[in-house]
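Novice: Below is one structure. I have some questions about it.
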Amino acid sequence: MKNKLGDLNNHLFAQLERLADESLTPEQIEQEAKRADAIVSVADRIVGNADLQLKAAKLFAEHGQGVLPMLPKIGSSDV
């Protein structure tokens with residue numbers, strides 16, 4: 001699975017549309033609100049991870065190869 005941050009954005013907007021659906025019953029609204037909380041929780045983790053990767057990339061850009069031993073390994077195909 002190769003999801004991108006743009007995919008996350010699409011999921012968030014889709015959830016927003018479901019929450020704005022005026023035809024939902026109170027029970028369905030409650031269910032969608034719970035789903036939205038779960039989605040936001042996962043989204044926060046994804047965004048935090050992306051921020052950490054960006055910070056690592058900035059360190060690499062500023063300091064070059066010498067900083068690599070100090071950065072955590074996050075996958076086999078990473079720099």
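Novice: Check the range 54-75 and report whether any residue there is in contact (Cβ under 8 Å) with a residue 12 or more places away in the chain, in a loop (DSSP other than H, G, I, E, B) and open to solvent by 100 Å² or more (accessible area, probe 1.4 Å).
Specialist: The answer is yes, given that some residue of the range 54-75 is in contact (Cβ under 8 Å) with a residue 12 or more places away in the chain, in a loop (DSSP other than H, G, I, E, B) and open to solvent by 100 Å² or more (accessible area, probe 1.4 Å).
Novice: Is the range 10-26 home to any residue that is loosely packed, with under 10 Cβ neighbours inside 10 Å, of a type outside the set (Gly, Ala, Ser) and not in a helix (DSSP H, G or I)?
Specialist: yes
The values are calculated or read from the model by the stated rules, or taken from the named source; none is laboratory data. None of these values were measured; they are calculated from a predicted model. Neighbour counts are summed over all protein chains in view; Cβ atoms, including those assigned to glycine, are modelled from backbone coordinates with ideal geometry. Only protein heavy atoms, including side chains, enter the accessible area calculation; ligands, DNA and RNA are left aside. Shrake-Rupley method; radii C 1.70, N 1.55, O 1.52, S 1.80 Å.
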